[in-house]
Amino acid sequence: MKVLPNAYRFLNLISVDIACGAMVCAAFFAHIFHIQLLHYGIASLGITVWIIYTVDHLLDASRLKGEASTRRHRFHQRYFVLISMVVIIALLIDVYMVLHVRRQVFSWGLGLAVLVFLYLLLQRWISPFKEFVAALLYSGGIFLPAFSLWQGIISGPIIYLMIVFVLTALINLILFSMFDLEEDLKHTQPSLVIFSGEQNAKIILRSLFFLQALLISSLIFITQYKAEAFVLATMNFVLCLLFVLHHRFKNEDNYRLFGDIIFLFPLFYLIVNG
């Protein structure tokens, strides 16, 4: 009975579930925009997200002095060379995929790639805003395939949906930083929680949850995007549980399993409305 949970735990450890979540969320917003994505575009997004997250973990692992205290960083320390080789292969495959995407997607993607590179290069110096920048870049990658192909003015409700998604990604990252506080302090890893203090971080999270509740309620009761808003509400509900019951999810990095799997929730929406 533990085979599936253990398999998912391993996929989470190597960030495969995060890449799949990015593809699902991109398809979710493409459906909202009524944009048909090509297989090359969606596959390239997934590979790119995996590369970015893996390179980020490798960089963190390389900076640590001694053995890492987290399972994820220990894994990337232990298999640093092997994972680096896989990243190079994935990069070559990604380049091939990118050459087959539509011109608009390529142009916007190139600009976003420059911003991501700068983020990876400068993240230790932007520590007070690291989670904010990461949430914007991640969301930008999710919106990019549909947004770059969209012609016309984006309606207000869709903008609200996009804002809710950005805030969802931000809440996710701040929660992870809060759970990782002890390890980040031990390894001098910068984060918003370290900069502001845990209590202030909790105030920020409560404020964000309250704002999300207002935005999602408005979308459900005022607009026609009720199903889409419900998906985002479910994602935020899980994050709220992680926040309220954080002691129960601390062990064995369970918070990461639940915090990352929420980005697969739109898959049910896509199956029903596909």
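The values are calculated or read from the model by the stated rules, or taken from the named source; none is laboratory data. Note that the structure is a prediction, hence the values are computed from the model and not measured. Reconstructed Cβ throughout: ideal geometry from the backbone, glycine too, with neighbour counts over all protein chains shown.
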Quiz prompt | Odd one out for residue 248 among (1) crowded, with 16+ Cβ neighbours inside 10 Å; (2) part of a helix (DSSP H, G or I) | solution = (1)
Quiz prompt | Residue list for the range 154-164, restricted to those being closer than 14 Å to residue 35 by Cα and not in a helix (DSSP H, G or I) | solution = 154
Quiz prompt | Filter result for the condition that a residue is loosely packed, with under 12 Cβ neighbours inside 10 Å and on the phi < 0 side of the Ramachandran plot, over 91, 121, 64 | solution = 121
Quiz item: Quick one: residue 228 ticks every box in (1) more than 20 Å from residue 261 (Cα to Cα); (2) touching a Leu at 6+ places or on another chain (Cβ under 7 Å) bar one, so which box is it?
Solution: (1)
Quiz item: Can you name the condition, by its number, that residue 151 falls short on among (1) free of Cβ contacts under 8 Å to residues at least 24 places away in the same chain; (2) part of a helix (DSSP H, G or I); (3) farther than 12 Å from residue 48 by Cβ?
Solution: (2)
Quiz item: Among the residues of the range 100-123, how many are assigned to a helix (DSSP H, G or I) and closer than 17 Å to residue 146 by Cα?
Solution: 11
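A quick yes/no check of all residues on (1) assigned to a helix (DSSP H, G or I); (2) within 19 Å of residue 159 (Cβ to Cβ); (3) touching a residue at least 40 places away in the same chain (Cβ under 8 Å); (4) in contact with a helix residue (DSSP H, G or I) (Cβ under 8 Å, 6 or more places away or on another chain):
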| residue | (1), (2), (3), (4) |
| --- | --- |
| 214 | yes, yes, no, no |
| 224 | no, yes, yes, yes |
| 230 | yes, yes, no, yes |
| 234 | yes, no, no, yes |
| 238 | yes, no, no, yes |
| 242 | yes, no, yes, yes |
| 255 | yes, no, yes, yes |
| 268 | yes, no, no, yes |
Exercise. Determine which member of the set 199, 212 is closer than 24 Å to residue 129 by Cα and buried (at least 19 other Cβ atoms within 10 Å of the Cβ).
Key: 212
Quiz item: Residues in the range 95-103: is at least one modelled with pLDDT of 85 or more, under 22 Å from residue 37 (Cα atoms) and either among the aliphatic types (A, V, I, L, M) or in contact with a Cys (Cβ under 7 Å, 6 or more places away or on another chain) (or both)?
Solution: yes
Self-check item: Residues satisfying the stated conditions in the range 34-61, i.e. farther than 19 Å from residue 116 by Cα, out of contact with any Lys or Arg (no Cβ under 8 Å at 6 or more places or on another chain), surrounded by fewer than 19 Cβ atoms within 10 Å (Cβ to Cβ) and in contact (Cβ under 8 Å) with a residue 24 or more places away in the chain
Solution: 35, 40
Practice problem: With respect to residue 269, determine if the residue is touching a Leu at 6+ places or on another chain (Cβ under 8 Å) and either surrounded by fewer than 14 Cβ atoms within 10 Å (Cβ to Cβ) or among the aromatic types (Phe, Trp, Tyr) (or both). | Solution: no
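Mind listing whichever residues of the range 124-148 are part of a loop (DSSP other than H, G, I, E, B) and either surrounded by fewer than 18 Cβ atoms within 10 Å (Cβ to Cβ) or acidic (Asp, Glu) (or both)?
Residues of the range 124-148 that are part of a loop (DSSP other than H, G, I, E, B), as a first pass: 126, 148.
Listed by number, the list holds a single entry, 126.
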Exercise. Inspect the range 79-88 for any residue being among the hydroxyl-bearing types (Ser, Thr, Tyr), buried (at least 17 other Cβ atoms within 10 Å of the Cβ) and either more than 30 Å from residue 268 (Cα to Cα) or free of Cβ contacts under 8 Å to residues at least 40 places away in the same chain (or both) and give the result as yes or no.
Key: no
